[in-house]
Amino acid sequence: MQDVTGMVANAGSFRDPSGQIFSEDGRIYRSIFAPGVRDFESARDAGVYASLMERGLLVSHEEVTVGALAPEGTVICLSHPRLPMISYPWEWPFSLLKEAALIHMEAMEMILPRGFWLRDATAFNAQFDGKRVVLIDTLSVGKRIPESPWVAYGQFCSHFLAPLAMAAYGDIRMLSLWRNYIDGFPLDLAAGMVPFWKRCRPGLFMHLTLHARAQTMADKKEDIGKTEVVKQPKVSDRGLIGLIRSLRRTIEGIGWKRSSKVWEAYGDIRTYQAEDVTRKSEYVDKVVQALNPDMVWDLGANTGEFSLIAASHGAFVVSIDGDPACTEYLYKKASSGDESRKILPLTMDLANPSPGLGWDSRERLSLADRGPADLVLALALLHHLVLSACVPLWMIAKWLGTLGEHLLVEFVPPDDPMVQKLIRNRRGEHLPYDLQVFKASLGEIFRFQDEMALPNGRTLFLLKRV
């Protein structure tokens, strides 16, 4: 973030000459500069924004006056509600990415007949607002260029169609490649990763296979010194609507069969009994009620049984697990009931959490930069980080201290069956791990406030950052 005359410019909002996001005292604003005024006023006066917001497709806004706080060159200023958590497509469950793709298509079908379209279609223009996925870039709505192909067609295919097809028909773990391709997946790479019999299906054949070939041929023919204008094909209103509907049908037809070798079946394989689970759940419930947190991060959440407890008391819960099957399961479960919709499941290896990426490594925020949470749950997690990922306890404690004000953590003793399984072939060659080291490491960062022993020998500790 950059501090300018009392306001903070958003580090991920600098590429669009039409406007910029900034904040002041926790409030979120959007400056509209001269290049964006015509499109904004046209869409506003035509009722396009009102229709999109009424349908729940676009984040709301209000025109405001902030005076000298706004960046230089501001013509119009908008106020937006603050999102509970910014997240990125390399962290999203499959169904969240698919939902984000479909709201682009729904918005396009809605505004095209009015003479407007989405000027860009990047996955970063969609976010979870605590209830649903919405578009957040007000200025992506612009006047359609008559008879022009959709200017964001290639971007949509590389940000949505390609990764969804790779994940569904190749391997779900390919979504992690977003970290390398934050401007969108190369279509030729995606086409090569999708099995032949899948990429020859009608929609994928047109929008992925043929699209990738066309891009490759265009790149080969490109002459750097060439100055003549390439003639663009003309596209009628009917043709453009047909393209959008074809894309929508193609996206709707892509499905991922959720599977997991270990963690999704954790409830069946875990080494403690129903009484332990019940008492653990009751203690989590007690802590959440006592602290009444607005924001909870559940680290190593598995299928989210404790995330659901926190959400039931009104907290917004970021539920993080390394298994995409678990986060997909929880996203679908949370989407099925209003009471638990305030859960955002994210797929992330906590031994390699999301770093800062993009320009100057600040355009896309690291996990720590998106905190702190009011309460962090780290239940049945630390022994995995120490004994599987080989991260010392003191480093884990320091990291947890950057993430939240309160910490509810579970200590799994060395004689626990799960710990014994992790060190079975280590022959004593592992990092220090016992209750004394645990308390000493966390005690450097937190103050122990409460604890509860479970019948199986595990202990839950409530801590507060010093």
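Between S95, S51, S87, S79, which is in a strand (DSSP E or B) and of a type in the set (S, T, N, Q)?
S79
Of the conditions (1) within 22 Å of S95 (Cβ to Cβ); (2) out of contact with any helix residue (DSSP H, G or I) (no Cβ under 9 Å at 6 or more places or on another chain); (3) not basic (K, R), V317 satisfies every one except a single condition; which number is it?
Going through (1) within 22 Å of S95 (Cβ to Cβ); (2) out of contact with any helix residue (DSSP H, G or I) (no Cβ under 9 Å at 6 or more places or on another chain); (3) not basic (K, R) one by one, V317 breaks only (2).
Tell me whether segment 68-81 contains one or more residues that are within 21 Å of the chain's Cα centre (by Cα), under 30 Å from P355 (Cα atoms) and buried (at least 17 other Cβ atoms within 10 Å of the Cβ).
Yes, segment 68-81 has at least one match.
I'd like to check something: does segment 109-121 contain any residue that is within 16 Å of the chain's Cα centre (by Cα), over 22 Å from P35 (Cβ atoms) and modelled with pLDDT of 95 or more?
no
Is it the case that some residue within segment 391-414 is charged (D, E, K, R), buried (at least 17 other Cβ atoms within 10 Å of the Cβ) and more than 30 Å from G26 (Cβ to Cβ)? Reasoning before the result, please.
Our first condition is that a residue be charged (D, E, K, R); within segment 391-414, this holds for 398, 405, 410.
From what is left, the residues that are buried (at least 17 other Cβ atoms within 10 Å of the Cβ) are 405, 410.
Filter once more, keeping what is more than 30 Å from G26 (Cβ to Cβ): 410.
There is at least one residue in segment 391-414 that is charged (D, E, K, R), buried (at least 17 other Cβ atoms within 10 Å of the Cβ) and more than 30 Å from G26 (Cβ to Cβ).
For M452, indicate whether it is in contact with a strand residue (DSSP E or B) (Cβ under 8 Å, 6 or more places away or on another chain) and assigned by TED's automatic domain parsing to the domain that holds P355. Lay out the reasoning, then the answer.
Numbers: in contact with a strand residue (DSSP E or B) (Cβ under 8 Å, 6 or more places away or on another chain): yes; assigned by TED's automatic domain parsing to the domain that holds P355: yes.
For M452, the condition - in contact with a strand residue (DSSP E or B) (Cβ under 8 Å, 6 or more places away or on another chain) and assigned by TED's automatic domain parsing to the domain that holds P355 - is met.
Any idea how many residues of segment 122-170 are on the phi > 0 side of the Ramachandran plot and more than 17 Å from the chain's Cα centre (by Cα)?
Residues meeting the conditions: 1.
Given the options A311, A301, name the one that is in a loop (DSSP other than H, G, I, E, B) and over 15 Å from the mean Cα position of the chain (by Cα).
A301
What is the residue count in segment 16-25 for residues that are part of a loop (DSSP other than H, G, I, E, B), surrounded by fewer than 19 Cβ atoms within 10 Å (Cβ to Cβ) and modelled with pLDDT of 90 or more?
Counting residues in segment 16-25 that are part of a loop (DSSP other than H, G, I, E, B), surrounded by fewer than 19 Cβ atoms within 10 Å (Cβ to Cβ) and modelled with pLDDT of 90 or more gives 2.
Hey, can you tell me all the residues within segment 193-223 that are of a type outside the set (D, E, K, R), surrounded by fewer than 13 Cβ atoms within 10 Å (Cβ to Cβ) and assigned to a helix (DSSP H, G or I)?
The answer is F196, W197, P202, A214, M217, A218.
Can you tell me which of R38, R44 is free of Cβ contacts under 8 Å to residues at least 40 places away in the same chain and within 29 Å of R245 (Cβ to Cβ)?
R44
Among P355, P345, P414, which is the only one that is part of a loop (DSSP other than H, G, I, E, B) and within 16 Å of I86 (Cβ to Cβ)? Steps first, please.
Details: P345 fails: part of a loop (DSSP other than H, G, I, E, B); P414 fails: within 16 Å of I86 (Cβ to Cβ).
Going through P355, P345, P414 in turn, the sole match is P355.
Can you tell which of L83, L69 is over 30 Å from K257 (Cα atoms) and at pLDDT below 95?
Answer to the selection: L69.
In segment 325-384, which residues are touching a Pro at 6+ places or on another chain (Cβ under 6 Å) and touching a residue at least 60 places away in the same chain (Cβ under 8 Å)?
Narrowing segment 325-384 to residues touching a Pro at 6+ places or on another chain (Cβ under 6 Å): 327-328, 330-331, 345, 347, 366-367, 374-375.
Residues satisfying the conditions are T327, E328, L330, Y331, P345, T347, D374, L375.
Taking V419 as meeting all but one of (1) closer than 28 Å to Y88 by Cα; (2) touching a helix residue (DSSP H, G or I) at 6+ places or on another chain (Cβ under 9 Å); (3) assigned to a helix (DSSP H, G or I), write down the number of the exception.
So V419 meets the others, but not (1).
The values are calculated or read from the model by the stated rules, or taken from the named source; none is laboratory data. Quantities reported herein were computed from a predicted structural model and do not represent experimental measurements. No Cβ is skipped: glycine too gets one built from the backbone with ideal geometry, and neighbour counts run over all protein chains shown.
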